[in-house]
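Engineer: Handing you a structure now.
The values are calculated or read from the model by the stated rules, or taken from the named source; none is laboratory data. Please read these numbers as outputs of a predicted model, since none were measured by experiment. Reconstructed Cβ throughout: ideal geometry from the backbone, glycine too, with neighbour counts over all protein chains shown.
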Amino acid sequence: MELVTSVLAIAVFAGASLVYAAVGEIVTERAGVLNLGVEGMMIMGAVTAFAAAVASGNAMVGVVVGGVVGGIMALVHAFATITLRADQVVSGLALTLAGGGLASFLGQRLGPGGAPLVGMVGPRFHGVPIPWLSDLPVVGPALFDQDVLVYLLFLVVPAVWFFVARTRPGLALRAVGESPQTADAMGIGVYRVRYLATVFGGVLAGIAGAHLSLAYTPGWTEHLTGGRGWIAIALVIFATWDPRRAVLGALLFGGVNAIQFRLQAEGTTIPASLLNMMPYLLTIVVLVVITRFEALRHRLGAPAALGLAYDREERT
Amino acid sequence: MQRWKILLVAAFALVVAACSSGGGATTTAGGGGTPTTGGGEMAEPLTVAFVYVAPIGDLGWTWAHDQGRLAIEEEFGDAVETLYIESVPEGPDAERVIRDFAQKGADLIITTSFGYMDPTIAVASEFPDVEFVHISGYKTADNVATVFGRMYQPRYLSGLVAGKATKTNTIGYVAAFPIPEVIRGINAFTLGVREVNPDAVVKVVWTNTWFGPPEEKEAAEALLAAGADVIAQHQDTTEPQKAAADAGGFSIGYDSDMRAFVGDTVLTSPIWNWGVKYVDIVRQMLDGTYEGGYQYWGSMADGIVDLAPLSPLVDADTAALVDEKKAAIVAGDLDVFCGPIVGANGNTVVEAGKCLTDGEMLSMDWFVDGVEGEAPAEAPTGLGE
């Protein structure tokens with residue numbers, strides 16, 4: 001029982017950054033924009049959030065800065081792919097590569113007085129147990145003894161789900177992702193919706209990075225994100241573009257590492273590499289299923305116009 | 001209209017990719033001195049190039065090598081020029097970086113990761129006039145030497161400290177890959193632990209990465225949750241140390257004196273002093289007495305490996321014991337892998353009066369008694385001579 005509780009607590013803590021990044025990417029992709037730059041936006045969010053937290057002495061300032069930086073990077077992607085109608089895959093990859101390099105560069109000189117950030121101790125988020133709730137068996141420590149950014153997710157995830165699935169602007173967002181021509185004919189500003197959705201995704205990716213550098217592995221180390229941005233993108237497919245399922249997926253993806261280390265420490269003999277492979281294997285299974293069965297694909301909500309640039313003048 | 005835009009973005013991506021791979025070479029002239037102008041005839045400085053596997057900011061393995069580079073600059077000033085490239089992936093990229101250094105006229109190229117072994121050998125055959133030093137490998141050539149240290153000696157000493165410090169009799173060990181270098185460290189550490197605390201066990205968790213801040217932290221936390229109150233490690237960053245400190249436990253660092261970065265809960269660290277050997281090599285090259293192609297496995301007596309100063313949290317008795325054992329190792333009176341050594345499966349691997357040979361140490365793939373974890377092989381019998 002104690003093992004379940006502790007693994008669950010770690011899964012939530014480790015999965016939080018994945019939830020932020022995946023929920024952001026879900027909104028972006030729902031509008032038909034594929035942004036493979038999540039990793040780059042996350043790592044830029046991580047380094048700037050930590051630098052801002054160190055400079056201001058306030059971790060919350062870091063989160064805001066990380067979010068803004070993520071949003072600015074997404075804006076670059078939006079400009080390239082929506083206005084210039086460039087290839088979304090190429091632009092996203094460029095964002096990841098540029099973000100990684102720029103973050104390393106900034107990490108060497110964003111400290112006080114231009115010093116490197118590496119090895120510096122700065123403000124960070126600590127767990128804030130919620131009275132009474134954190135004493136609940138099993139779920140108490142996992143859900144109610146976490147940091148502020150995790151609690152914020154309790155609001156963000158339902159809000160995003162409700163917005164996308166149940167509101168008129170949410171319907172407009174989905175329409176743009178399904179059929180931009182139809183949406184345009186309905187009087188929806190396709191470009192505006194896509195810009196907003198892409199920037200929103202960037203802001204959440206930036207906050208995801210901030211959670212890593214301010215709470216999960218406090219401090220700045222190069223390659224801090226370690227491929228988590230890519231996991232978030234896999235997670236979007238795994239969750240079939242539904243924020244609620246993204247939470248489950250993030251718990252699985254985030255928890256599996258913790259679990260495999262726990263099992264090793266407890267002395268079981270399941271090969272670690274096998275466990276590490278599981279989430280990716282499941283993603284491939286989901287991918288195969290939704291590609292193979294067209295009907296299921298629509299039911300599960302893959303946006304039909306995902307990855308396609310929209311041009312008003314173009315006849316189809 | 002469409003195509004040129006796509007080309008534009010593609011071109012941008014290529015430029016970014018070109019810039020981000022390797023991060024570009026960084027040149028630093030020794031001592032920051034300005035080149036002399038006119039008058040005195042100045043000899044060309046000896047150019048020493050380093051290929052690093054991780055960023056210097058890892059505060060561990062690569063940081064320790066960079067301290068060695070700085071030691072060369074400190075020692076020889078304007079007589080040397082050093083170059084380095086960080087975060088070079090092991091594989092084809094490494095060969096390109098090494099060849100690039102050779103073409104640019106480096107006199108000595110030091111490649112600091114096991115995976116650079118074959119690329120180093122390949123490039124060395126094309127540049128017979130350039131000297132190469134590869135760290136931690138086993139292949140040599142006329143102009144390729146290998147350099148490594150008997151890290152198991154300070155590992156054993158750090159085991160003494162950990163064995164005394166544990167209250168739960170459980171010590172966690174965050175380990176990178178199940179290769180002989182890492183296993184040798186775990187075994188030496190455990191022999192130290194059991195010498196002072198026969199009830200203690202060392203639990204090993206493999207992360208399968210040299211450099212992975214989140215994985216290293218998660219592995220350490222798993223060990224702490226499994227009852228460990230001291231965390232040792234064979235990784236490239238300080239994350240296991242931070243995890244131990246956060247949980248109110250102690251830790252043993254590695255590579256560099258991690259107490260400087262994390263605090264006094266890091267009781268000590270087995271450390272590399274690469275500068276000792278690097279300065280030696282450069283001095284011989286400047287004198288013209290350097291002879292390449294050797295295999296060097298330095299010991300604590302040579303100074304290439306050492307134990308960092310103990311934390312003030314270590315009690316005086318333990319400190320005295322460590323001093324005594326260290327003196328014995330340096331004097332050559334004490335060898336870590338001498339019998340009787342019992343394997344994790346109960347086999348008597350080395351009988352009393354025998355010691356493991358260097359060959360047996362370099363191919364070690366089994367655990368000694370007291371280690372809990374997955375080793376590539378069962379402990380054999382009848383080793384040593």
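Engineer: Are any of the residues in the stretch B:156-164 under 22 Å from the mean Cα position of the chain (by Cα), more than 30 Å from residue B:199 (Cβ to Cβ) and either in the same structural domain as residue B:186 (by TED's automatic domain parsing) or surrounded by fewer than 19 Cβ atoms within 10 Å (Cβ to Cβ) (or both)?
Structural biologist: Taking every residue of the stretch B:156-164 in turn, none turns out to be under 22 Å from the mean Cα position of the chain (by Cα), more than 30 Å from residue B:199 (Cβ to Cβ) and either in the same structural domain as residue B:186 (by TED's automatic domain parsing) or surrounded by fewer than 19 Cβ atoms within 10 Å (Cβ to Cβ) (or both).
Engineer: Could you list, ordered by first residue, the pairs with Cβ atoms under 8 Å in which the first is in the stretch B:140-151 and farther than 20 Å from residue B:64 by Cα and the second is in a loop (DSSP other than H, G, I, E, B) and of a type in the set (A, V, I, L, M), at least 6 apart or interchain?
Structural biologist: Qualifying pairs under 8 Å: B:143/B:130.
Engineer: Yes or no: residue B:96 charged (D, E, K, R), without any contact (Cβ under 8 Å) to a residue 12 or more places away in the chain and assigned by TED's automatic domain parsing to the domain that holds residue B:291?
Structural biologist: In short, yes.
Engineer: Checking residue B:328 against (1) surrounded by fewer than 15 Cβ atoms within 10 Å (Cβ to Cβ); (2) modelled with pLDDT under 95, which single condition isn't satisfied?
Structural biologist: Going through (1) surrounded by fewer than 15 Cβ atoms within 10 Å (Cβ to Cβ); (2) modelled with pLDDT under 95 one by one, residue B:328 breaks only (2).
Engineer: Let me ask something additional. Hey, among the residues in the stretch A:225-272 that are more than 23 Å from the chain's Cα centre (by Cα) and small (Gly, Ala, Ser), which one's farthest from residue B:219 (Cα to Cα)?
Structural biologist: Here the answer is A:267.
Engineer: Could you list all residues from the stretch A:216-258 that are out of contact with any Pro (no Cβ under 9 Å at 6 or more places or on another chain), in a loop (DSSP other than H, G, I, E, B) and surrounded by fewer than 22 Cβ atoms within 10 Å (Cβ to Cβ)?
Structural biologist: Result: A:227, A:240, A:242.
Engineer: Moving on. Sort out for me the strands (runs of 3 or more DSSP E) sitting completely within the stretch B:255-336 that have 2 or more residues that are in contact with a Pro (Cβ under 8 Å, 6 or more places away or on another chain).
Structural biologist: Ranges flagged: B:270-272, B:305-307.
Engineer: What is the residue count in the stretch B:78-93 for residues that are more than 14 Å from every other protein chain (Cβ to nearest Cβ), without any contact (Cβ under 8 Å) to a residue 60 or more places away in the chain and touching a Ser or Thr at 6+ places or on another chain (Cβ under 9 Å)?
Structural biologist: 5
Engineer: Now, a different point. Just checking, how many residues over the stretch A:74-108 are over 18 Å from residue A:224 (Cα atoms) and more than 7 Å from chain B (Cβ to nearest Cβ)?
Structural biologist: Within the stretch A:74-108, residues that are over 18 Å from residue A:224 (Cα atoms) and more than 7 Å from chain B (Cβ to nearest Cβ) number 12.
Engineer: Let me ask you something else. Evaluate the following for residue B:119: is it in a loop (DSSP other than H, G, I, E, B), farther than 21 Å from residue B:58 by Cα, touching a residue at least 12 places away in the same chain (Cβ under 8 Å) and outside the structural domain of residue B:254 (by TED's automatic domain parsing)?
Structural biologist: no
Engineer: Does any residue in the stretch A:21-32 that is over 17 Å from residue A:169 (Cβ atoms) come within less than 7 Å, Cβ to Cβ, of a residue that is not in a helix (DSSP H, G or I) six or more places away or on a different chain, and which pairs are these?
Structural biologist: From residues that are over 17 Å from residue A:169 (Cβ atoms), the pairs are A:22/A:239; A:25/A:35.
Engineer: Give the residue that is nearest to residue B:340 (Cα to Cα), with candidates limited to residues of the stretch B:193-202 that are away from chain A (no Cβ under 14 Å) and touching a residue at least 60 places away in the same chain (Cβ under 8 Å).
Structural biologist: The qualifying residue nearest to residue B:340 (Cα to Cα) is B:194.
Engineer: Suppose we filter the stretch B:167-199 for residues that are farther than 26 Å from residue B:358 by Cα and surrounded by fewer than 21 Cβ atoms within 10 Å (Cβ to Cβ); how many remain?
Structural biologist: Summing the residues that are farther than 26 Å from residue B:358 by Cα and surrounded by fewer than 21 Cβ atoms within 10 Å (Cβ to Cβ) in the stretch B:167-199 gives 7.
Here's the yes/no breakdown for (1) in the same structural domain as residue B:181 (by TED's automatic domain parsing); (2) touching a strand residue (DSSP E or B) at 6+ places or on another chain (Cβ under 6 Å):
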{"residue": "B:221", "(1), (2)": "yes, no"}
{"residue": "B:227", "(1), (2)": "yes, yes"}
{"residue": "B:234", "(1), (2)": "yes, yes"}
{"residue": "B:241", "(1), (2)": "yes, yes"}
{"residue": "B:244", "(1), (2)": "yes, yes"}
{"residue": "B:248", "(1), (2)": "yes, no"}
{"residue": "B:260", "(1), (2)": "yes, no"}
{"residue": "B:281", "(1), (2)": "no, no"}
{"residue": "B:284", "(1), (2)": "no, no"}
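Engineer: Filter the stretch B:203-231 for residues that are in contact (Cβ under 8 Å) with a residue 40 or more places away in the chain, closer than 22 Å to residue A:7 by Cα and not in a helix (DSSP H, G or I) and give the result.
Structural biologist: Answer for the stretch B:203-231, where residues must be in contact (Cβ under 8 Å) with a residue 40 or more places away in the chain, closer than 22 Å to residue A:7 by Cα and not in a helix (DSSP H, G or I): B:203, B:204, B:205, B:206, B:226, B:227, B:228, B:229, B:230, B:231.
Engineer: So, one more: Going residue by residue through the stretch B:12-22, is there one that turns out to be closer than 30 Å to residue B:253 by Cβ and modelled with pLDDT under 95?
Structural biologist: Yes.
Engineer: Let me ask something else. Can you tell me which residue in the stretch A:1-38 is farthest from residue B:221 (Cα to Cα), limited to those that are more than 12 Å from chain B (Cβ to nearest Cβ) and acidic (Asp, Glu)?
Structural biologist: A:29
Engineer: Sort out which residues of the stretch A:293-316 are modelled with pLDDT under 75 and at negative phi, and write them in order of number.
Structural biologist: A:293, A:294, A:295, A:296, A:297, A:298, A:299, A:300, A:315, A:316
Engineer: Can you tell me which of (1) crowded, with 17+ Cβ neighbours inside 10 Å; (2) within 26 Å of residue B:138 (Cβ to Cβ) is the one residue B:322 doesn't meet?
Structural biologist: (2)
Engineer: Looking at the stretch B:54-77, can you tell me whether even one residue there is touching a residue at least 60 places away in the same chain (Cβ under 8 Å), outside any helix (DSSP H, G or I) and either β-branched (Val, Ile, Thr) or away from chain A (no Cβ under 14 Å) (or both)?
Structural biologist: Looking through the stretch B:54-77, none of the residues is touching a residue at least 60 places away in the same chain (Cβ under 8 Å), outside any helix (DSSP H, G or I) and either β-branched (Val, Ile, Thr) or away from chain A (no Cβ under 14 Å) (or both).
Engineer: Across the stretch A:109-119, which residue is nearest to the other protein chains (Cβ to nearest Cβ) among those that are touching a helix residue (DSSP H, G or I) at 6+ places or on another chain (Cβ under 6 Å) and at pLDDT below 90?
Structural biologist: A:118
Engineer: Within the stretch B:313-332, can you find the residues that are of a type in the set (D, E, K, R) and touching a Lys or Arg at 6+ places or on another chain (Cβ under 9 Å)?
Structural biologist: B:315, B:317
Engineer: How many residues does the stretch A:279-293 hold that are surrounded by 15 or more Cβ atoms within 10 Å (Cβ to Cβ) and of a type in the set (Val, Ile, Thr)?
Structural biologist: 3
Engineer: Mind checking which residues of the stretch A:57-81 are surrounded by 24 or more Cβ atoms within 10 Å (Cβ to Cβ), within 12 Å of residue A:208 (Cα to Cα) and out of contact with any Gly (no Cβ under 6 Å at 6 or more places or on another chain)?
Structural biologist: Matches in the stretch A:57-81: A:62, A:63.
Engineer: Ok, one more. Determine whether residue A:206 is part of a helix (DSSP H, G or I) and without any contact (Cβ under 8 Å) to a residue 24 or more places away in the chain.
Structural biologist: No.
Engineer: Right, something else. For the stretch A:256-292, enumerate the residues that are touching a helix residue (DSSP H, G or I) at 6+ places or on another chain (Cβ under 8 Å), at pLDDT 75 or above and within 13 Å of chain B (Cβ to nearest Cβ).
Structural biologist: Result: A:256, A:259, A:260, A:261, A:262, A:263, A:264, A:265, A:266.
Engineer: Looking for something over 24 Å from residue A:69 (Cα atoms) and within 14 Å of chain B (Cβ to nearest Cβ) - is there at least one such residue anywhere in the stretch A:242-253?
Structural biologist: Yes; the residues of the stretch A:242-253 include at least one that is over 24 Å from residue A:69 (Cα atoms) and within 14 Å of chain B (Cβ to nearest Cβ).
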